[in-house]
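**Student:** Quick one: the structure is below, questions incoming.
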Amino acid sequence: MAIAPIEIHGKKILITGPTGQVAMPVVEAFTKVADIYALARFSNPADQQKMESMGAKTIKADLASDDLSHLPTDFDYVINFAVVKTGGFEYDLKANAEGVGRLMMQCRNVKAFLHFSSTGVYQYQGQEPLTEESPLGDNHRKMFPTYSISKIAAETVCRFVAHQFNIPTTIARLNVPYGDNGGWPYWHLMMMKEGIPIDIHPERPNYYNPIYAEDYIEKIPRLLAIASAEVTTLNFGGSQRVSIEEWCSYLEKLTGLEPRFRDDDKAFGSLWFDTTKMEALIGKTQIDWHKGIKRMVTSLSPELLKP
Ligand SMILES: NC(=O)c1ccc[n+]([C@@H]2O[C@H](COP(=O)([O-])OP(=O)(O)OC[C@H]3O[C@@H](n4cnc5c(N)ncnc54)[C@H](OP(=O)(O)O)[C@@H]3O)[C@@H](O)[C@H]2O)c1
């Protein structure tokens, strides 16, 4: 049976990367019930104002280089969503890998630390489902040259610091997050609208486990509950396996826009996983993917929906 979630009501929680696609809906939900601190570079001042208007306290810092010693040391929980993909290895490794280490050193008193990783850390292995033990590899090189390597490096630093300082930690390897503010399926919709070909791996269908924002928001307190000083690492996505081809075909059904697929053997390819470990620890996700995709389109591009 899945472990009970932690109580987030009234807790002091640091969220890094709060303005990103994945974290934004989490900040919106959690500021209603907890004391949320939001850390980013806030290169765009409007982002900082947005966080504050949601009720978060903001901390402007670059995880790659800034002094973090002024951060409070009494957070109950830290959720690390921050990620950077400039394409330059030196800065990206510093921000993504050293950054998580520096953050954990400063916040070592937490009850739990949740680090968001990616299923982009796995070597492509055709249509076989991934498990947490599957071989790692430079999966996302084609689109984001530094991404997979720096996410693997970040996991290693995260484990090292957790072990050194006995910090209860979870590493969640996220699959395809999407919601009412976008995500990969929304990029596909925009490509369909503009008539841009969608590059996909020739070994079709290209399977994933997309997870709708409402589901990952519900799961975060459970991911925090399963943290351990040995470090709990799990794949994290929707319980349903869905292919790019299927979600694009459903987008076509909703909008009448046709996807144009183009084979490319360097495209990401299938990255779906065996949900056994995830479901044993935190339970199944709830939102059917058709419902999630329809909500996403209704929220962002209602004008594209067929009457
Ligand atoms: N989106 C996906 O499809 C997906 C899939 C799998 C896993 N994930 C994982 O989910 C997490 C969130 O991804 P996302 O797509 O939401 O990211 P995103 O949209 O690119 O947002 C990145 C966030 O990190 C902050 N940030 C970037 N560099 C920073 C630095 N040096 N110091 C401090 N903050 C920094 C950004 O704000 P500033 O620029 O203002 O600093 C922003 O708030 C990441 O760990 C990612 O690897 C995402």
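The numbers here are math on the coordinates, done by the rules we state, and not lab data. Keep in mind that this is a model prediction, so the values were computed, not measured. Please note: Cβ atoms are built from the backbone with ideal geometry, for glycine as well, and neighbour counts cover all protein chains shown.
**Student:** Starting from segment 65-79, keep only residues that are under 17 Å from L114 (Cα atoms), then list their pairs with residues that are within 16 Å of the ligand (Cβ to nearest atom) and assigned to a loop (DSSP other than H, G, I, E, B) whose Cβ atoms are within a distance under 8 Å, requiring at least 6 positions of separation or different chains.
**Tutor:** As it stands, the answer is T73/C107; F75/C107; V78/C107, since those pairs meet every condition given.
**Student:** Looking at (1) among the charged types (D, E, K, R); (2) touching a residue at least 60 places away in the same chain (Cβ under 8 Å); (3) surrounded by 18 or more Cβ atoms within 10 Å (Cβ to Cβ), which is the only condition D92 fails?
**Tutor:** If we test D92 against (1) among the charged types (D, E, K, R); (2) touching a residue at least 60 places away in the same chain (Cβ under 8 Å); (3) surrounded by 18 or more Cβ atoms within 10 Å (Cβ to Cβ), just (2) comes out false.
**Student:** What number of residues within segment 120-137 satisfy the criterion of being assigned to a strand (DSSP E or B) and not hydrophobic (A, V, I, L, M, F, W, C)? Quick ask: steps written out before the conclusion?
**Tutor:** So the first thing to find is which residues in segment 120-137 are assigned to a strand (DSSP E or B), and the list is 122, 125, 127, 130, 136.
The next check asks that each one be not hydrophobic (A, V, I, L, M, F, W, C); those that pass are 122, 125, 127.
Result for segment 120-137: 3.
**Student:** Taking D62, is it part of a loop (DSSP other than H, G, I, E, B), free of Cβ contacts under 8 Å to residues at least 40 places away in the same chain, over 21 Å from the mean Cα position of the chain (by Cα) and closer than 19 Å to P18 by Cα? It would help to see each step written out before you state the result.
**Tutor:** Working: part of a loop (DSSP other than H, G, I, E, B): yes; free of Cβ contacts under 8 Å to residues at least 40 places away in the same chain: yes; over 21 Å from the mean Cα position of the chain (by Cα): no; closer than 19 Å to P18 by Cα: yes.
Taking the combined requirement at face value, the residue does not satisfy it.
**Student:** Just to check your reading of the model, which residue among V242, V231 is among the hydrophobic types (A, V, I, L, M, F, W, C), in contact (Cβ under 8 Å) with a residue 12 or more places away in the chain and on the phi > 0 side of the Ramachandran plot? Even if it seems obvious, please write down each step before you answer.
**Tutor:** Values: V242 fails: on the phi > 0 side of the Ramachandran plot.
Testing whether each residue is among the hydrophobic types (A, V, I, L, M, F, W, C), in contact (Cβ under 8 Å) with a residue 12 or more places away in the chain and on the phi > 0 side of the Ramachandran plot leaves just V231.
**Student:** Further, regarding this structure: Which of the residues that make up segment 211-231 are assigned to a strand (DSSP E or B) and either touching a helix residue (DSSP H, G or I) at 6+ places or on another chain (Cβ under 6 Å) or among the small types (G, A, S) (or both)?
**Tutor:** Taking segment 211-231 first, the residues assigned to a strand (DSSP E or B) are 211-212, 228.
Y212, S228 - these are the residues of segment 211-231 that are assigned to a strand (DSSP E or B) and either touching a helix residue (DSSP H, G or I) at 6+ places or on another chain (Cβ under 6 Å) or among the small types (G, A, S) (or both).
**Student:** Only one residue in S69, S53, S43 is surrounded by fewer than 18 Cβ atoms within 10 Å (Cβ to Cβ), more than 13 Å from the ligand (Cβ to nearest atom), part of a loop (DSSP other than H, G, I, E, B) and of a type in the set (S, T, N, Q), so which one is that?
**Tutor:** Numbers: S53 fails: part of a loop (DSSP other than H, G, I, E, B); S43 fails: more than 13 Å from the ligand (Cβ to nearest atom).
The match here is S69.
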